[in-house]
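Written out below as structure tokens is the structure these notes cover.
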Amino acid sequence: MSALTRILLRRSGRSAIIDSSSTYNSPTYHFATDNKQSHSTIDSGRRYFSKSAPSSMKFVQFKTGSGSNQRLGVLSEDGSKISDISEGFAGDLIQLIKSGTSLDAVKTKLSGAKQVAAGDVTLLSPVTNPQKILCVGLNYRGHCEEQNKPIPKEPMFFSKYASTIVGPFDGVVAHKITDQIDWEVELAVVIGKEAKHVSKANALDYVFGYTVAQDISARDWQKTRNGGQFLIGKSMDTFCPLGPAVVHKSLIKDPHNLVIKCDVNGVEKQKGSTSELVFRIDDIIERVTQSITLLPGDVILTGTPAGVGMHRSPPEFLKPGDVIDSEIESIGKIQNKVLADQ
């Protein structure tokens, strides 16, 4: 074969494609299944997990069938299996984080955990019902430059409701009240313990892990309607896909040096690096916690690189049928289809 090496494995009618020409020169695993999801968007149901780390501490939330309860699991190193560690945590990653369970204790729990095939489950968002989703605007230099705006001297914070969260392969609804829906791939930070009056020097101690986010935005409601307030434009249902896993911080050598990209219908729209962040994660946490207490499971969306649709010439916006691929090095890839409002 050419640079693209594919190994097709078949088990019980399912397939796993191991693609060694991943964007970041480390294999990405695509797991195919016929399972359906709420707001299901991708016919193949493929799962995309980064396999750049030597060991796996990648947490997922999932369901094993229609009407089943949410489960909590840890991905195997190759991404083909999920070890179910729901017991004691009500199938909820935030409950695990709140419990203060150490990684060593998680690893011990894994030794006796039941395993399920990744292709046999429906992946949910790896974090559900955080108390806060905090977002940072204008936090990439390129995103400021494409708007002809100066680099901010202070971060611009806004929020999204937790009800915006959907899974890594769920649909994004094109609500009838807007015709200016835009994409914004972002690195999301998941907080690991209560953080109040935190200093920059130890801010990363309060991080549990990282995941991929799409800060979907209705630009008309963000910019010109609702008095110019961001809330409605950012908080419409389905406007925050997350996943596919929360990768523990121990597996990310430097969160400020990761390639981040977004494609729409297979066409690259955004490609940058988290090294472009104007305000780094430690700085964000320090600033926020001087007045707002962050709690375990809270999510911070750290901003988006250049290439959003609104600032293209002419502007481009999402429409039903479009497919959004959002990917971050060492973390994984989510894929969401835009659905017509019903």
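Among the trypsin sites (Lys or Arg not before Pro) in the range 75-177, those placed in a DSSP loop whose Cβ has at most 12 other Cβ atoms within 10 Å are 153, 176. Checking the Cα-Cα distances for 153/193; 107/249; 58/114; 63/234 against a 24 Å cut-off, the pairs over it are 153/193; 63/234.
To the nearest 10, the accessible area of residue 310 is 40 Å² with a 1.4 Å probe. Normalised by 2.2 N^0.38 Å, where N is the number of residues, the alpha-carbon radius of gyration of the range 153-216 equals 1.43. Taking residue 319 as the anchor, which aspartates and glutamates have their alpha carbon closer than 19 Å to its alpha carbon, excluding any fewer than eight residues away along the same chain? Counting by Cα, and skipping residues close in sequence, residue 319 has these aspartates and glutamates nearby: 43, 170, 179, 182, 184, 215, 220, 237, 263, 268, 341. Roughly how many whole Å is it from the C-alpha centroid of the range 109-163 to that of the range 296-342? Centre-to-centre (Cα) distance: 11 Å. Chymotrypsin sites (Phe, Trp or Tyr not before Pro) within the range 200-269: which are DSSP loop residues with at most 10 other Cβ atoms inside 10 Å? Passing sites in the range 200-269 do not exist.
The local environment of residue 139, defined by Cβ-Cβ distances under 14 Å, has a net charge of -4 under the rule Lys, Arg +1 and Asp, Glu -1. Subtracting the Cα-Cα distance of residue 159 and residue 273 from 0.36 nm times their residue separation leaves 38.7 nm of extension gain.
Compared with the alpha-carbon gap, the fully stretched path from residue 197 to residue 77 is longer by 39.5 nm at 0.36 nm per residue. Approximating the spin labels as points 7 Å out from Cα along Cα→Cβ, the residue 151-to-residue 223 distance works out to 2.4 nm.
The values are calculated or read from the model by the stated rules, or taken from the named source; none is laboratory data. Just so it is clear, the model here is predicted, and its values are computed rather than measured. Positions of Cβ are generated from backbone atoms using ideal geometry, with glycine treated the same way; all protein chains shown enter the neighbour counts. Note: accessible area is taken over every heavy atom of the protein model, side chains too, but ligands, DNA and RNA are not part of it. Shrake-Rupley method; radii C 1.70, N 1.55, O 1.52, S 1.80 Å.
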